[in-house]
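*Asks:* Got a structure for you, written out below as structure tokens; questions coming shortly.
The values are calculated or read from the model by the stated rules, or taken from the named source; none is laboratory data. Computed from a predicted structure; not experimentally measured. Ideal geometry is used to build each Cβ from the backbone, glycine not excepted, and the neighbour counts take in all protein chains shown. For accessibility, only protein heavy atoms count, side chains too; no ligands or nucleic acids. Shrake-Rupley method; radii C 1.70, N 1.55, O 1.52, S 1.80 Å.
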Amino acid sequence: MSTEHSVIADSISRTYYVGEPVHALDGVTLELPAGSFTAVMGPSGSGKSTLLNMLGCLDTIDEGTLTIHGRDVGDMSERERAMFRSTELGFVFQAFYLMPRLRAWENVSLPLLFGEAPTDGRRARAERMLDRVGVGDRIDHLPNELSGGQRQRVAIARALVNEPRLLLADEPTGNLDTKTGASIMELFTELHVEGTSVVLVTHERYIAEYAEQVVHMVDGRITEIEPLGEVGR
Amino acid sequence: MRARDTFSFSWRAIRGHKLRSTLTTLGVIIGVGAIITFMVLGGAFSENVLGNFDELYGDQPLLLVQTQTPLDDGFGLIFSMTPIYTEHDIATIEAMEDVSFVAPLGQIAVTQTRVGGQQVTGGVSVSATTPAGFTFDTFLDGEAFDMGTNEAVINRQVSDRFDGVEVGDTISFTREGGVVTTVTVRGIIDEDIPNQPPTIYVPVDPHYQQIVETPRGTNERAYPMLVIGADSLETLRSAQDMARAYLHGDSDANALKSDRDTILVQTIDDLVQQITDLLDQITVFIAGIAGIALVVGAIGIANIMIVSVVERTREIGIMKSVGATRRHIIQLFLVESIILGVIGALLGVLLGFGIGALGVMALEWPMVYPLEWVVIATGMGLIVGALAGVYPAWRAASVDPVIALGRE
């Protein structure tokens, strides 16, 4: 049964036409078990961000099939994908992407606004999440009143608020200093240990080493899947 | 997404850009403000012209017979002063069932009027009529004149004009041509009609000398206007129908009038309605021109909203990445645009009432509050906001999150 897998990608391709065709993804096949922790590495233009967009249902597949949590993502309408994003997936970005005019708790509760889940007790739920990621004392702050590390924690709390089974992170430590970056990676490790599947794009080897396996990509293809062994060292 | 959340979200976006939002609504404020201003001024003008005329005279079983002349250009209401209603016509109508009296009204052109030591040039009008013409008037003092005498009835305005004229006083007026006539005041009536000039009423015999040759070959007095009294309000309409049928048929007046002219037989209500309709037309026409400002305002909102969509591309991308559908995004931007439109309209209503009140004060007209237009204006603001927001909202919903959150 595919539900044991978080992600099953079967030779998925994506071609962009920027003057001439660019094969951002060129037949990628990948299986990620539920609860796994995977890092994706590769040079610029290797297709690692495109892969993350595919897993995040932000972009559509040209060829191949992609199954996430047992659902065929390629068949979904735009609306279905939006609903799927809000319930099954959590995004964390390099530049945090918090809504500048919303307070920390409001940013965290943003996905609840668009979902179908009951919206009662949004604030309480957001506070719990902020507590969980270690910024329970910054509930009413605006993003520009927070440090980079705190902003990323708020962003992670937002990604977690709908209790998704798959967390997608694009260079989550890219805008942070080494020490802060390390503390954020500790947080991802904890979430993984608690059972959330994590896929992380990075170009830093020491960040990738927090994961169980590293997927290496070049020119839209997977060149190597490198196992790293048990996480939680 | 709950309506309250949508509203508070959109409201916050508006408050986040106070200056820009204010400038955006300015177009709608000015548009709606201009419309309301003209509605206030138009309403006040109408009120000034008509006053409570209808209330005071609407329950009198009276018919006014006048000749309407078309305007060569534009629209308006002009009554011809050509004397076409002959003694024969008066006698014929008077003989009709339901008609209790017919009083002619003739103008006597005068240049100067004198009471005791005071003399005024112009400003006082002299009309010739019969005692029946005062049937429904309220006499403050005295009574109607007798025919064939040098007696007069004056309205209160004459008394006011000359610092008090009483029954028994004499008034002299000089006709065009220099003939001086002296009359004795027999009664004073209260004519509470807005803009009614001081008027001296004298008996047609011996003072009115407009003679026309009738189609029947006789020479008779003829008048530019008649007042017909019906027996009661119940018989007013049938009297009106009969009088109209005759006057539009084989009356002297119908033969004498110019081809372009129309003989009107109106009740007081008809007349008030005609004037009100005309003023409303003018007011709406002018307000329509002011409405162009509203169109400009709508374009302003659309313009700023498009800029705002471009500026908030990333925010839209974030919202989509956490599960917002196209519909959510459209909802947010449309509500934002509608809020701007409605706020603009409400402020415009206040501005319009403010400017209107100042104008009305300066012109010394009575202030009116066209409240139905507050509702209409708010509705217009809503529609303007919605229309202006459609395209920007669609643009926002079409933002591709991959590009909006562009990486690599």
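*Asks:* I'd like the distance between the alpha-carbon centres of region B:75-105 and region A:175-233, rounded to an integer number of Å.
*Replies:* If you average the Cα positions of each part, the centres end up 104 Å apart.
*Asks:* What dipole magnitude, in Debye to the nearest 20, does region B:243-397 give about its Cα centre under +1 on Lys/Arg Cβ and -1 on Asp/Glu Cβ?
*Replies:* Computed about the Cα centre, the dipole is about 1300 debye.
*Asks:* Continuing with the same structure: In region B:1-106, what chymotrypsin sites (Phe, Trp or Tyr not before Pro) fall in a loop by DSSP, with at most 12 other Cβ atoms inside 10 Å?
*Replies:* Answer by residue number: B:PHE75.
*Asks:* Determine the calculated [θ] at 222 nm for the protein assembly as shown from helices alone, applying -39500 (n - 2.57) to every DSSP H run no shorter than 4 residues and normalising by the residue count; nearest 500 deg cm²/dmol.
*Replies:* Computed mean residue ellipticity for the protein assembly as shown: -14500 deg cm²/dmol.
*Asks:* For a quick check of your reading of the filter: which GluC sites (Glu not before Pro) in region B:17-105 sit in a DSSP loop and have no more than 11 other Cβ atoms within 10 Å?
*Replies:* Filter output for region B:17-105: B:GLU97.
*Asks:* I need to check one value: relative contact order of region B:103-224, counting alpha carbon pairs closer than 8 Å and at least 6 residues apart, in percent.
*Replies:* Once divided by the residue count of region B:103-224, the mean separation gives 33 percent.
*Asks:* If exposed means no more than 11 neighbouring beta carbons inside 10 Å and the site is in a DSSP loop, what's the longest run of chain B without any exposed trypsin sites (Lys or Arg not before Pro)?
*Replies:* Longest run free of exposed loop sites: B:3-215.
*Asks:* Which GluC sites (Glu not before Pro) from region B:302-370 combine a DSSP loop assignment with at most 15 other Cβ atoms within 10 Å?
*Replies:* Counting only loop positions with at most 15 other Cβ atoms within 10 Å, the GluC sites (Glu not before Pro) in region B:302-370 are B:GLU364.
*Asks:* Additional query: To one decimal place, what orientation-averaged projected area in nm² is obtained for the convex hull of the Cα set of the protein assembly as shown?
*Replies:* Averaged projected hull area, Cα only: 43.7 nm².
*Asks:* Where in chain B are the DSSP H helices whose C-alpha atoms run 20 Å or more along the long axis and whose mean Kyte hydropathy is at least 1.0?
*Replies:* Taking the DSSP H segments of chain B (at least 20 Å long, mean hydropathy at least 1.0), we get B:18-50, B:268-311, B:326-363, B:371-397.
*Asks:* So what does B:ILE211 come to for accessible area, using a 1.4 Å probe and Å² rounded to 10?
*Replies:* 100
*Asks:* So, one more: Distance from the Cα centre of region B:119-155 to that of region B:298-339, in angstrom?
*Replies:* 73
*Asks:* How much of B:SER238 can a 1.4 Å solvent probe reach, expressed as accessible area in Å² and rounded to 10?
*Replies:* We get 50 Å² for B:SER238.
*Asks:* Follow-up. Enter the accessible area of B:VAL65 (Å², nearest 10), with the probe set to 1.4 Å and all protein chains included.
*Replies:* 0
*Asks:* In degrees between 0 and 90, to the nearest 10, how far off the longest principal axis of chain A does helix A:148-160 point, with axes built from Cα atoms?
*Replies:* Computed tilt is about 70 degrees.
*Asks:* Let me ask you something else. Across peptide B:311-321, how many C-beta atoms of other chains are within 10 Å of each residue C-beta, on average?
*Replies:* Across the residues of B:311-321, the mean count of other-chain Cβ atoms within 10 Å is 5.
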